[in-house]
1. Sticking with the crude label model, points 7 Å out along Cα→Cβ, report the distance from T36 to D86 in nm, one decimal please.
2. Given the Cα-Cα distance of V99 and D132 and 0.36 nm per residue of separation, how much length would full extension add, in nm?
3. List the aspartates and glutamates whose alpha-carbon lies under 13 Å from that of K98, not counting same-chain residues fewer than 8 positions away?
4. Checking the cross-link filter: which aspartates and glutamates have an alpha carbon closer than 16 Å to that of K73, excluding same-chain neighbours under 8 positions apart?
5. Estimate the FRET efficiency between N49 and K120 by the formula 1/(1 + (r/R0)^6), using the beta-carbon distance for r and 25 Å for R0, to the nearest 0.05.
6. Quote the charge dipole size of segment 32-92 about the Cα centre in Debye, to the nearest 20; the model charges only the Cβ of Lys and Arg (+1) and of Asp and Glu (-1).
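We did not get these values from a lab; they are worked out from the coordinates using the rules stated. Just so it is clear, the structure is predicted and the values come from calculations on it, not from any experiment. Quick reminder, even Gly has a Cβ in these numbers, built from the backbone with ideal geometry, and neighbours come from all protein chains shown.
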Amino acid sequence: MKRNIVKNVFISTVTAATLVGATVLSSSAAEYVTVTKDGVNLRSGPGTNYEAIYQLPMHYPLRVLSKKGQWVKIEDYEGDKGWIYDTLVSASPYVIVKVEEGNVRSGPGTNNAKVGTVSKDVILKKGDNQGDWIQVSHPEINGWVHRSLVWP
């Protein structure tokens, strides 16, 4: 893992209309959680005596790898691993954009109008699914994205 890096959510406007949109389906076999507040420490081990290696933003999605007491070992979409205290995560459905740029559409399919774009690392609230398409929302935009654009 990269040391002492703060993972920031960043939104860049690519179109005059708006930006942001992406999503992913989570596998029923894997457990995913999201961070419940800004600036939560991701630690190198299961305790406050371990080094804080990142600070994570609110709603950042994570995959659960294991648990030890009240600590959860997680992995992010880039494969980075660490530990987080269990009260600092919840099962809220959020996804993160994993591609440099992707289109947000008015409906589930490429035949629907493009309503904006999303950039890498933007976090979106996940809604309904239709096939390979996920409905997403963000304060800046609402729409549908293809599951290949987001994680989990």
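1. 1.2 nm
2. On the way: separation 33, 0.36 × 33 = 11.88 nm, distance 1.62 nm.
Length difference between fully extended and current span is 10.3 nm.
3. Partners found: D76, E78, D121.
4. Of all the aspartates and glutamates, those that pass the test against K73 - Cα under 16 Å, at least 8 places apart if same chain - are E31, E51, D86.
5. After rounding to 0.05, the efficiency reads 0.15.
6. Working: 7 positive and 7 negative charges, 50 e Å.
The dipole magnitude comes to about 240 debye.
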